[in-house]
Every structure is written in C-alpha cells, then in structure tokens.
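What follows is a short report on a single structure.
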Amino acid sequence: MSAMIQLLETELTSVFVLKPRVFEDQRGSFVKTYNENLFEELGIPFKPREEFFSVSHKNVVRGMHFQLVGAAHDKLVYCPLGKVLDVVVDLRKWSKNYGKTMSRELSGSNREMLFIPVGFAHGFLALEDNTMMVYQTSTVHSPQHDAGFLWNSFGFDWPVQNPILSDRDKAFPALKDFQSPF
C-alpha cells in the first residue's frame, strides 16, 4: 500500500514531505490524503481528530502557530488550491535541530503534504490569491493552548516585504522571548 504515498525525509527530524499518488483521467484528478493503515506502514503515528481549512490572499502570512503541551498536536497540512511557502521551526529543546527552520512549497500542482509533529511551529506565506490550506490535527483545537511567535523573529528570509497579517499574529512575541515547553 505504501506506493500510494511516497515518504521523503527533511532536514528536520520527524518532519516529512508526503507525495501522494495522483490518479488522473479525462474527468480530472483524485488524491487520497490520509489512510490510517498506510500512515502506520510509513511509521507515522498520526490519527486526525479535527480538520479545517483557510483561504488566503496573496502575500498573507499565517504563523508561526502551535498548541502548547496539554493540547499539542501532530499536523498534516496541504494546499489543494493555489500555492504557499510553508515554514516549520523546531521548538524541541532536546533536539540537535532546536531553532532550525525548513521551508517547502506546497501547491495544488505538486500535491505534496507536510507532516509536522508535536514540538514544531508552523506558518506559511500565500504565493497566490485564493490559496487554500487544509490542516488535519491529532487533537481538537484548544484556544487556551494556542501559542505562537512573531513571523519575522527567527531569521527566516521570507520573500515578501509587507505581508498581510492578523492582529493576533502581529502581537506574538519574538522567538528569543519564547520559553519552549517541548
């Protein structure tokens, strides 16, 4: 069954790019994004409990977000429409990659997905208007466990000068002022 999804390691331990098999014919395409047995076969202990999506205008930055211990979650993200630059930061104090960043373009064209385990912050830049991001998480969202840090406070070179940000994202502290519980 693993031929249904190809697993690619990234520079951050435990973060994986998943390339699902795309079925195409005269009608269009079909992509299976999750199968519990397949994920177990790939060695990814992920069982989604909630799914949601966002639609963003070009130059929107959403992030850097995560849930604190008590409601922290593994996350599977993908972009079925449009294109994003997806960014992940390792917040696990014990990790040799603590504070390190990786990025990957996700799009409706490349159909790639990103698996992000507990202990990582996640954010993205929408590279096109009407870009949709889908998020599957292993816990149900808990507002009191919501956390994040400022999108431009961790040395990543975002390819945007004046992004569109939510008031919440603008108010996050810098990464250097965050004490990681992971």
Review point. What is the extension gain from V22 to A3, computed as 0.36 nm multiplied by their sequence separation minus the C-alpha to C-alpha distance, in nm to one decimal?
Key: 5.7 nm
Practice item. Collect residues whose amide H, placed 1.01 Å from N in the peptide plane, falls under 5 Å from the amide H of F120; neighbours closer than 5 in sequence don't count. Key: L91
Revision key, fill the gap. Here region 16-21 yields Karplus 3J(HN,Hα) values (6.51, -1.76, 1.60; θ = phi - 60°; whole Hz; Gly and Pro given as x) of 10, 8, 10, 10, x, 6
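Pop the C-beta distance of T13 and V140 into the FRET formula with R0 = 25 Å and round what comes out to the nearest 0.05.
Efficiency, from the Cβ-Cβ distance: 0.40.
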Revision key, fill the gap. With +1 on the Cβ of every Lys and Arg and -1 on the Cβ of every Asp and Glu, the dipole magnitude of region 140-180 about its Cα centre, in debye rounded to the nearest 20, is 40 debye
Exercise for review: Run the dipole for the chain about the Cα centre, Lys and Arg Cβ at +1, Asp and Glu Cβ at -1, nothing else charged, and hand back the magnitude in debye, nearest 20.
Suggested key: 200 debye
**Study point:** Close Lys-Lys pairs in region 6-85, where close means Cα under 16 Å and separation is 8 or more or interchain
**Key:** 6
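Rule-based calculations on the coordinates, nothing more; no lab input. Note that this is a predicted model, so its numbers are computed, not measured. Note that we place each Cβ from the backbone using ideal geometry, even for glycine, and neighbour counts take in every protein chain shown.
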